[in-house]
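A short write-up of the structure that comes next.
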Amino acid sequence: MKNLLFLVLISVCWAEPHPDKSSLEHERVVHIQENGPRLLVVAEQAKIFSHRGGNITLPCKFYHEHTSTAGSEAHKIRVKWTKLTYDYLKELDVFVAMGHHRKSYGSYHGRVFLRESSENDASLVITNIMLEDYGRYKCEVIEGLEDDTAVVTLNLEGVVFPYSPRLGRYNLNFYEAQRACMEQDSVIASFDQLYDAWRSGLDWCNAGWLSDGSVQYPITKPREPCGGKNTVPGVRNYGFWDKEKSRYDVFCFTSNFNGRFYYLIHPIKLTYDEAVQACLKDGAQIAKVGQIFAAWKLLGYDRCDAGWLADGSVRYPISRPRKRCSPSEAAVRFVGFPDKKHKLYGVYCFRAYN
């Protein structure tokens, strides 16, 4: 009986019919449906350059690898733009579009929209560029179960400058460093921005915070107090430190401005409070550190007169080195943080355009 049952089971297994022609055709249709029109998302340019206050377009288009759409249903296209953080563990929402629905997020609200120059155009237009807009953006297109992405970097024309407050060297934790840059019309610089500044000649021995939470400093002329004279030029990296407890200087980044930076012609030298009032009387405000660096680097501003700035420091910008005015290099010269009540200097003002 057992032998008979065994034979019956074998017969059933071997008796399964082979698929006929129609079955094969059906399987081929299913194959096309699952692996048919593959979605591809591309950015025609990997990097886009702009400046504060400008308008730019981050390019992004999507295509189907196969033109045939047999066996597929039409799906609504969903376009999502996000900004990548420096550790890539978190993405910040920028803009989402699906059909007639549009939504922008955070500081991008009212400043972003899709270009839509064609049916496959997912490019993002950003208006009134802000310093904080610098960084990497991801364009993601979703259609049904398919999706693909492309990444575009937005670079800003600007200048990196080292900053320490009146308290002196190494007195800022990370969050205080962020505020210090913001108060001086700038943002905390990224590593890429510091690296570009180093390649352009920035040499600074004090370590400072960067936007990713690392502490670094750029050296073009190796010397004993700055990592040793036998080391190679480069951006020295202290690594990542406790953002609350660790204290360093900071590297700030600023770009051009919508206004006029100028040295106020005044019959006498001024105390700090008198300098503030003199700018106000002239229809302006006392200038910030970021504004003097932007005027020097981006506009070639040159003035040998030391003047008060908003943080209580005294500086002057030299674009044409000469005797008694930074003879060795073009730079924003730092005089210090003089006594506000008794020391007398000129003043640099800034008048914003409407």
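The values are calculated or read from the model by the stated rules, or taken from the named source; none is laboratory data. Just so we're clear, the structure is a prediction, and the values are computed from it rather than from any experiment. With ideal geometry, Cβ positions are generated from the backbone for all residues, glycine too; neighbour counts draw on all protein chains shown. The accessibility values were calculated without ligands, DNA or RNA, using every heavy atom of the protein model including side chains. Shrake-Rupley method; radii C 1.70, N 1.55, O 1.52, S 1.80 Å.
Determine the equivalent ellipsoid of the range 189-290 by diagonalising the alpha-carbon gyration tensor, then write out the semi-axes as square roots of 5 times the eigenvalues, largest first, rounded to whole Å.
35, 16, 14
Below 20 Å Cα-Cα, how many Lys pairs turn up in the range 252-354? Only count pairs eight or more apart in sequence, or on different chains, if you could.
Total qualifying Lys-Lys pairs in the range 252-354 comes to 11.
Rank by packing, highest mean first: peptides 173-186, 103-116, 271-284, with packing defined as the count of other Cβ atoms within 10 Å averaged across residues.
Working: 173-186: 19.9, 103-116: 14.7, 271-284: 16.9.
Going by the mean number of other Cβ atoms within 10 Å, highest first, we get 173-186, 271-284, 103-116.
How big is the charge dipole of the range 257-350 about its Cα centre, in debye rounded to the nearest 20, if each Lys and Arg gets +1 on its Cβ and each Asp and Glu gets -1 on its Cβ?
On the way: 15 positive and 8 negative charges, 57 e Å.
Magnitude of the dipole: close to 280 debye.
For a protection proxy built on the mean count of beta-carbon atoms within 10 angstrom, sort 153-165, 328-340 highest first, please.
Those peptides, ordered most packed to least, come out 153-165, 328-340.
Please state the charge dipole magnitude for the range 44-155, taken about the Cα centre, from unit charges on C-beta atoms (+1 on K and R, -1 on D and E), reported in debye and rounded to the nearest 20.
Using Cβ point charges on Lys, Arg, Asp and Glu, the range 44-155 gives about 520 debye.
If I model a spin label at Lys243 and Cys304 as a point 7 Å from the Cα along the Cα→Cβ vector, what separation in nanometres do I get?
4.6 nm
Under 16 Å between alpha carbons, and skipping anything fewer than 8 positions from Lys221 in its own chain: which lysines qualify?
Lys229
Would you mind telling me the antiparallel percentage of the DSSP bridges in the range 257-350, rounded to 5?
Within the range 257-350, antiparallel bridges account for around 90 percent of the total.
Sum up the charges of everything whose Cβ sits under 12 Å from the Cβ of Leu131, counting Lys and Arg as +1 and Asp and Glu as -1, but leave Leu131 out.
Net charge in that neighbourhood comes out at -3.
Quick one: what Rg and Dmax do you get for the range 156-211 from the alpha carbons, in Å?
11.1, 31
In a Gaussian network model over the chain where Cα atoms closer than 10 Å are linked, find which of Val250, Val187, Val41 has the largest mean-square fluctuation.
Comparing Val250, Val187, Val41 in a Gaussian network model of the chain, the most mobile one is Val41.
Between the range 76-131 and the range 269-306, what is the C-alpha centre distance in whole Å?
A separation of 37 Å, based on Cα centres.
Bin all alpha-carbon pair distances of the range 257-350 at 5 Å intervals from 0 and give each bin's fraction as a whole percent.
3, 16, 27, 24, 19, 9, 2, 0
For the range 76-121, with every protein chain kept in place, what is the accessible area per residue (1.4 Å probe, Å²)? Mind dumping the intermediate values first?
Numbers: 3080 Å² over 46 residues.
That works out to 67 Å² for each residue.
How much length is gained on full extension from Glu329 to Ser107, taking 0.36 nm per residue of separation minus their Cα-Cα distance?
Working it through step by step, the gained length comes to 76.0 nm.
Just want the answer: with Cβ charges of +1 for Lys and Arg and -1 for Asp and Glu, which residue in Asn237, Ser211, Phe161 is farthest toward the dipole's positive end in the range 156-252?
After comparing all options, I get Asn237.
Roughly how many nanometres apart are two label points built 7 Å out from the Cα toward the Cβ at Glu183 and Asp121?
4.6 nm
With a ≥ b ≥ c the root eigenvalues of the C-alpha gyration tensor of the range 286-333, is it rounded (a/c under 1.5), prolate (a/b larger than b/c) or oblate? The partial results should precede the final answer.
Working: a/c = 2.58, a/b = 1.48, b/c = 1.74.
Taking the square roots of the gyration eigenvalues as a ≥ b ≥ c, the range 286-333 is oblate.
Can you tell me the dipole magnitude for the chain around its Cα centre, using point charges on the Cβ only (Lys, Arg +1; Asp, Glu -1), in Debye to the nearest 20?
Using only the charged Cβ atoms, the result is roughly 2180 debye.
In a GNM of the chain with a 10 Å cut-off on Cα contacts, which of Ser255, Ser50, Ser200 has the highest mean-square fluctuation?
Among Ser255, Ser50, Ser200, the largest GNM mean-square fluctuation belongs to Ser200.
Per residue, how much accessible area does the range 156-252 show when a 1.4 Å probe rolls over the protein heavy atoms, in square angstrom? Could the numbers behind the result be given before it?
Numbers: 4790 Å² over 97 residues.
Each residue of the range 156-252 exposes 49 Å² on average to a 1.4 Å probe.
Suppose each label sits 7 Å from its Cα in the direction of the beta carbon; what would the Gln277-Asp311 distance come out to in nanometres?
About 2.6 nm separates the two model spin labels.
Per residue, what accessible area does the range 257-350 have, given a 1.4 Å probe and all protein chains present, in Å²?
Computed with neighbouring chains in place, this is 51 Å² per residue.
Considering only protein heavy atoms and a 1.4 Å probe, what is the carbon-and-sulfur percentage of the accessible area of the chain?
Ligands and nucleic acids excluded, carbon and sulfur give 54 percent.
Share of Cα-Cα pairs in the range 90-151 beyond 18 Å, in percent? Spell out each step's value before the answer.
Working: 686 of 1891 pairs.
Across the range 90-151, Cα pairs with separations above 18 Å total 36 percent.
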